[in-house]
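What follows is calculated from the coordinates using simple rules that are stated; it is not laboratory data. Since the model is a prediction, treat every value here as computed from it, not as a measurement. Positions of Cβ are backbone-derived with ideal geometry, glycine not excepted, and every protein chain shown enters the neighbour counts.
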Amino acid sequence: MAKIISNREIAPDTYLMAVQGKYSGKMGQFYMLRSWRFYPLLSRPISIHDINDDSISFLYRVAGEGTVLLSQLKTGDELHLEGPFGNGFPELKGKVAIVGGGIGAAPLYYAAKALGSSSEVENLDIYLGFREEPLRLEAFEALANKVRVQLGGNVTELVNPNSYDYIITCGPEAMMEALYKKSVGSSAKVYVSIERHMACGIGACLVCTCETKSGNKKVCKDGPVFLGEEVYHG
Amino acid sequence: MANLKVQFGSITMKNPLVMASGTFGFGKEYGQLYDIERLGGIATKGLTLEKRSGNTGMRIWETPSGILNSVGLENPGVEAFIKEELPYLNNLNVVKLVNIGGKTLQDYVDAIAMVSKEKADMIELNISCPNVKEGGMAFGITADSTRRIVRAARNATQLPLVVKLSPNAEDIVKAAVVCQEEGADGITLINTVKAMAIDIDKRKSIFDNMYAGLSGPAIKPIALRMVHEVCKNVSIPVMGVGGITTWKDVVEFIMVGATCVQIGTANFIKSTIPLDILEGLEAYMVQEGINSLEEIRGII
Ligand SMILES: Cc1cc2nc3c(=O)[nH]c(=O)nc-3n(C[C@H](O)[C@H](O)[C@H](O)COP(=O)(O)OP(=O)(O)OC[C@H]3O[C@@H](n4cnc5c(N)ncnc54)[C@H](O)[C@@H]3O)c2cc1C
Ligand SMILES: Cc1cc2nc3c(=O)[nH]c(=O)nc-3n(C[C@H](O)[C@H](O)[C@H](O)COP(=O)(O)O)c2cc1C
Ligand code: FES
């Protein structure tokens, strides 16, 4: 059991929660969270938003029963978490763009932190799309020279894939697919972070399958990060 | 000192906790999280003769106190299992149940024969999977088809044979009696309960396969009743399964007659839940002055 340091509503229905303890994890990996005993039955997969020496944080949107319960946690309350799980984003080099849509920005902050401090990355640009209110904008702006935000509309329109070697993205499926399609034939390889409902979170139960060009993959273990060309038809 | 050891037919287990088929993969993943040799046994993911890619669409849906799954027996096939997964399991000091499903009688027989040439402790004959249209559960519905498949399976293997029955069977007691008559060494019950969920926006079933299998605490009272009924009517040992989440649940299943139990959905609550259950069970036995689970087995 871990203790909650803080759990703040930073935008309507969106919470930033910090949890005490030493945690490990790569960008794009996730933890399975629960703050209740047996009911609801399943733990909730939430991406690593940030890790510091003595804390881990999560950025989440209230969607249903489980995230409502998480949102009610107060400083000092207890949380059970298991992880880190999943493959995470790969180490990248050259010119990199990060593209997030809505709560899809959650894992991208930790990714931006890692890529921004990597000597292999020549240039890091961040594109974020939100329906109304941007999330953690100042925090992102501290990590890259160029952070472009699109409110309403389509963030993928801002991105020119030929300016990059790699693009990593997380957000609504339609946004990620559009971005991948736009990148076909360009210089950029696109990595997408996929969502599926999960049970075990570790690759044992086969409920989180994603069909790819090389057969069924487990999103919790082989993913959540896949090459766009593996999961979308170009 | 409480002794958690149980005797399931000819097989001795260090404790009564077996991980239920389909919830524990082939052991590896949980083996990376904790010492799974502390478990009594592991039932593998359901295997079929040929590789299966399983069902399309949504495969899991949370319900009050349970889950619906529609995995549809995705598995690498028996041959790949023997090559790639069995060696890991065979290095573990736990009882191994190889769970076998199938489309046709011949598929079952061939798969069982292949596994029987290897080092495995038991065959768990799955005639109760509600998630594949063409078979599996069909065999577990009527007493006649149960008899046919158990007879064929019995002839195909020397290994201890445990038949996993379906709560969807027409007559669960009759099915169990048939298993005993045909020479099965034990019975596992229950598999998931055929059920469904609706997406009201799409006005469709949540599942491409229409129906799915319900598991978890929601089905525990049904499982308990079925294990009780069956234990009253057969002399072969029974593994009780369905919603077991705490040590108290285990005690309940033992009290209605189960020799050991399987933990399925509860593994998803917390990966190390079997260890919590073991600890609780041991403390209970010490407190109650119970030396062996034999003392409370079938007392109801
Ligand atoms: C790898 C991964 C990382 C994620 N990271 C984040 C994150 O950082 N921040 C964030 O806000 N959300 C994230 N999500 C989505 C988040 O898991 C769901 O919003 C959450 O599980 C909803 O739970 P609920 O009880 O509030 O909703 P309910 O709808 O009541 O949940 C019912 C069931 O469906 C599952 N479920 C519902 N929606 C989703 C979904 N979109 N993805 C997966 N399972 C779902 C729940 O886990 C639960 O089992 C992530 C999902 C995945 C797969
Ligand atoms: C995701 C999932 C996959 C399953 N796969 C199998 C299977 O392949 N073969 C089988 O005999 N039972 C399978 N089952 C059924 C379980 O082994 C068990 O009988 C059932 O879930 C009831 O127990 P529980 O409530 O403890 O989960 C599966 C159950 C779940 C939840
Ligand atoms: S959630 Fe169990 S295999 Fe992915």
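How do the peptides B:76-86, B:248-258 rank, highest first, by the average count of neighbouring beta carbon atoms within 10 Å per residue? Write out the running numbers ahead of the final one.
Numbers: B:76-86: 17.4, B:248-258: 22.1.
Those peptides, ordered most packed to least, come out B:248-258, B:76-86.
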³J(HN,Hα), Karplus 6.51/-1.76/1.60, whole Hz, each residue of segment B:188-204, x for Gly, Pro: 10, 7, 10, 7, 5, 9, 4, 7, 8, 9, 10, 9, 6, 6, 7, 6, 9
Relative contact order (percent, whole number), chain B, Cα cutoff 8 Å, 6+ residue spacing: 19 percent
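Using r as the Cβ-Cβ distance of B:I222 and B:Y34, and R0 as 30 Å, what FRET efficiency do you calculate, to the nearest 0.05? Don't skip to the end; give the middle numbers.
Values: r = 30 Å, r/R0 = 1.00.
Efficiency for this residue pair is about 0.50.
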Centroid-to-centroid separation of segment A:191-234 and segment B:138-190 [C-alpha atoms, Å]: 36 Å
Nearest-5 percent of antiparallel DSSP beta bridges in chain A? 60 percent
Cα-based reach from B:K103 at 18 Å (exclusive), listing aspartates and glutamates while leaving out same-chain residues under 8 positions away: B:E50, B:E74, B:E79, B:E124, B:E134, B:D144
Within 10 Å of each Cβ in B:168-178, how many Cβ atoms from other chains are there, averaged over the peptide? 0
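Which shape class applies to the protein assembly as shown: rounded if a/c is under 1.5, otherwise prolate when a/b exceeds b/c and oblate if not, where a ≥ b ≥ c are the square roots of the Cα gyration tensor eigenvalues?
On the way: a/c = 2.31, a/b = 1.79, b/c = 1.29.
Prolate is the answer for the protein assembly as shown, as a/c is 1.5 or above and a/b outweighs b/c.
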Counting only DSSP beta bridges fully inside chain B, the antiparallel percentage to nearest 5 is 40 percent
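For segment B:13-149, rounded, prolate or oblate, judged on the Cα gyration tensor with a ≥ b ≥ c (square roots of eigenvalues), a/c < 1.5 rounded, else prolate if a/b > b/c? Don't skip to the answer; put the middle values down first.
Working: a/c = 1.58, a/b = 1.19, b/c = 1.33.
Oblate, because a/c is 1.5 or more while a/b does not exceed b/c.
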Using amide H atoms built 1.01 Å from N in the peptide plane, name the residues 5+ places from A:Q150, or on other chains, whose amide H lies under 5 Å from its own. A:L128, A:G129, A:F130
Helix A:106-116 versus the longest principal axis of chain A: what is the Cα-based angle in degrees, 0 to 90, to the nearest 10? 60 degrees
Between B:G298 and residues 5 or more places away or on another chain, which pairs have amide H atoms under 5 Å apart, with H built 1.01 Å from N, and which residues are they? B:M255, B:V256, B:G257, B:A258
Sorted by Cβ density within 10 Å, fewest first, the residues B:T56, B:T157, B:T188: B:T56, B:T157, B:T188
With r defined as the distance between the Cβ atoms of A:S6 and A:H197 and R0 fixed at 35 Å, what FRET efficiency is calculated, to the nearest 0.05? 0.80
Checked segment B:150-300 against the a/c 1.5 cut and the a/b vs b/c comparison, axes a ≥ b ≥ c from its Cα gyration tensor; verdict oblate
By Cβ neighbour count within 10 Å, fewest first, B:V227, A:V147 rank A:V147, B:V227
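Counting DSSP beta bridges with both partners in the protein assembly as shown, what percentage is antiparallel, nearest 5?
Numbers: 50 of 100 bridges.
Counting DSSP beta bridges with both partners in the protein assembly as shown, the antiparallel share is about 50 percent.
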In whole percent, what relative contact order does chain A give with Cα contacts below 8 Å and a gap of six or more residues? 18 percent
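Determine the relative contact order of segment A:2-85: mean sequence separation of Cα pairs under 8 Å and six or more apart, normalised by residue count, in whole percent. Don't skip to the answer; put the middle values down first.
Numbers: 180 pairs, mean separation 33.7, N = 84.
Worked out over segment A:2-85, it gives 40 percent.
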A:E173, A:E133 arranged by Cβ crowding within 10 Å, fewest neighbours leading: A:E133, A:E173
Partner lysines whose C-alpha sits under 22 Å from that of A:K74, ignoring same-chain residues fewer than 8 away, are A:K3, A:K22
If you keep only loop residues by DSSP, which GluC sites (Glu not before Pro) in segment A:22-92 have at most 13 other Cβ atoms within 10 Å of their Cβ? A:E91
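Quote the FRET efficiency, to the nearest 0.05, computed for B:Q7 versus A:N162 with a Förster distance R0 of 56 Å and r equal to the Cβ-Cβ distance.
On the way: r = 70 Å, r/R0 = 1.24.
Using R0 = 56 Å, I get an efficiency of 0.20.
Using only helices, what value at 222 nm comes out for chain A when you add -39,500 (n - 2.57) per DSSP H run of length 4 or more and divide by the total residues, to the nearest 500 deg cm²/dmol?
Values: 5 runs with 38 residues, N = 234.
About -4000 deg cm²/dmol.
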For the table A:K26/A:K218; A:K218/B:K51; A:K213/B:K194; A:K217/B:K51, the rows whose alpha-carbon distance is greater than 20 Å are A:K213/B:K194
